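One structure below.
None of the figures in this text is laboratory data; all of them are computed from the coordinates on show. From a predicted model like this one, the values you see are computed outputs, not experimental measurements. We place every Cβ from the backbone using ideal geometry, glycine too, and count neighbours over all the protein chains shown.
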Amino acid sequence: MHIEIISTGDEIVTGLVVDTNAAWLSALLLEQGWQVRRRHTVGDNMADLVSLLRECAARAELVLVCGGLGPTADDLTAQAAAEAFDAPLALYPDWLEVIKARYASRGRPMPASNAKQAWLPGGSEILDNPVGTACGFLVRHGQSRLFFTPGVPFEFKQMVREQIVPRLRGAGSARDTELRRFYSFGISESALSDQLDAAPWPAGIELGYRSAMPLIELKLIGHGASAADMAIAEARLIQAIQPWLVGRGDQAPWLQILASLDEHQPLQLIEGASQGALLALCRDRVGVSASYRQDLPQDLARLEGPAQGLALTIGRAGPEGVPLLLSRDGRHWGQTLRVNHPDPASGRRLLAFAALDMLRRQQAALPVIADYPTLPRSARRLPE
């Protein structure tokens with residue numbers, strides 16, 4: 001299915017507002033099995049809006065239009081849709097009553113300008129908005145279905161989840177895209193590309209990369225690919241990245257690592273050079289305690305962990321790097337890693353995940369100390 005997204009508003013075109021809605025929508029649709037082909041941004045100009053709506057409707061089976069449904073003079077989307085598809089605006093009295101009731105529930109009369117939000121292209125289908133005054137609407141034109149939504153993010157997202165996605169499923173919209181996610185750590189994107197892009201993937205399958213510090217996300221995307229071909233592609237990918245594979249699926253790898261622990265297992269975090277980056281990854285887990293200390297050793301041999309329980313300790317940066325220590329019931333595994341990253345915050349996230357990866361490997365009965373091409377190790381320490 002050919003899908004396009006239109007984001008409207010001068011504030012987006014000028015960069016005063018970042019268009020997070022379109023990014024969120026593209027990702028959500030991909031997870032559902034539909035990949036967006038094109039995304040457009042257009043300002044509050046009637047001629048431009050009309051032209052773009054007609055262009056997209058002539059090409060795409062599904063168009064999702066975000067923004068421009070408010071009550072003010074610069075909210076032009078409904079009028080533009082009416083002109084683009086020869087569907088003059090008509091009053092939808094039921095929605096007008098909804099708007100009035102919303103204001104009455106707050107003890108206020110409806111401003112006259114809000115009546116504009118009940119005038120929609122004739123013949124369109126209303127999409128309910130339970131949290132705002134701008135309803136969405138659906139217009140059908142030739143082969144194309146065009147969904148129009150408000151631009152306020154929490155209204156937009158609720159409408160997409162509750163009104164649009166169910167309609168797409170109910171209409172039997174073909175899901176021709178399958179997405180499988182994998183996460184690597186400790187190897188660069190270019191090094192992965194050297195290993196993975198030398199030979200073509202099976203027909204209908206492509207591999208995508210996304211740097212998501214401290215990880216690299218790899219996406220196997222199948223477009224009408226068979227289950228057998230997807231399985232072959234996945235096996236090839238895993239074989240190539242196994243030494244650095246730290247997670248797969250839709251859940252963040254650090255959450256997967258924490259979920260592997262016993263539900264009631266306390267986890268102590270002691271941070272120096274990472275300055276809270278480790279806690280940022282672990283903060284939602286029950287039973288986590290954390291402290292920041294400036295007096296931690298730089299030398300791995302002098303770094304101490306608790307004699308009981310489970311703990312991750314990240315020491316201070318020294319000439320040989322930063323020492324990391326995993327402590328579990330009196331046993332200690334450690335390594336000193338050199339982190340050379342131009343962005344200090346990214347360097348701290350690398351240290352934090354390196355510590356968590358030691359825990360992941362210990363949980364999985366793998367050697368706790370791994371070799372990372374991007375993080376040279378200057379020292380290691382194993383339980384006595």
In deg cm²/dmol and to the nearest 500, what is the mean residue ellipticity at 222 nm of the chain if only DSSP H runs of at least 4 residues count, each as -39500 (n - 2.57), divided by the residue total?
-9500 deg cm²/dmol
What's the extension gain from LYS219 to ASP343 if we count 0.36 nm per residue and subtract their Cα-Cα distance?
42.1 nm
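Which percentage, to the nearest 5, of the DSSP beta bridges contained in the chain is antiparallel?
If we restrict to bridges inside the chain, about 65 percent are antiparallel.
Which of the peptides 264-273, 13-22 is most tightly packed, and how do the rest follow, going by the mean number of other Cβ atoms within 10 Å of each residue? Provide the component values of the computation, followed by the final result.
Details: 264-273: 18.5, 13-22: 14.2.
Ranking, from highest mean packing down: 264-273, 13-22.
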Considering the zone a paramagnetic label at GLU206 would reach in this model (a point 7 Å from Cα along the Cα-to-Cβ line), which residues of segment 148-178 have amide N under 17 Å from it?
176-178
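Computed FRET efficiency, Cβ-Cβ of ASP295 and ASP262, R0 30 Å: what is it to the nearest 0.05? Intermediate results must be reported in sequence, preceding the final value.
Numbers: r = 31 Å, r/R0 = 1.05.
About 0.45, to the nearest 0.05.
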Measure off 7 Å from each Cα along the Cα-to-Cβ vector at ALA198 and TYR103, then give the distance between these two points in nanometres to one decimal.
6.9
Options (i) 4, 15, 17, 15, 13, 11, 10, 7, 5, 2, 0, 0; (ii) 5, 24, 34, 26, 9, 1, 0; (iii) 5, 19, 22, 18, 18, 13, 5, 1, 0 - which one matches P(r) over Cα pairs in 10 Å bins from 0, in percent as calculated here
(iii)
On a 0 to 90 degree scale, rounded to 10, what angle separates helix 93-105 from the longest Cα axis of the chain?
60
Label-point separation, ARG302 to ARG248 (7 Å along Cα→Cβ), nm:
4.4
Pairing the Cα long axis of helix 20-32 with the longest principal axis of the chain, what angle in degrees results, from 0 to 90 and rounded to the nearest 10?
80
Among THR133, GLY208, PHE148, the residue whose Cα sits farthest towards the positive end of the charge dipole of segment 121-254, when +1 is placed on the Cβ of each Lys and Arg and -1 on the Cβ of each Asp and Glu, is THR133
Segment 189-263-segment 110-152 distance, computed between alpha-carbon centres (Å):
40
Comparing VAL131, VAL246, VAL139, which has the greatest mean-square fluctuation in the GNM of the chain with Cα pairs linked when under 10 Å apart?
VAL131
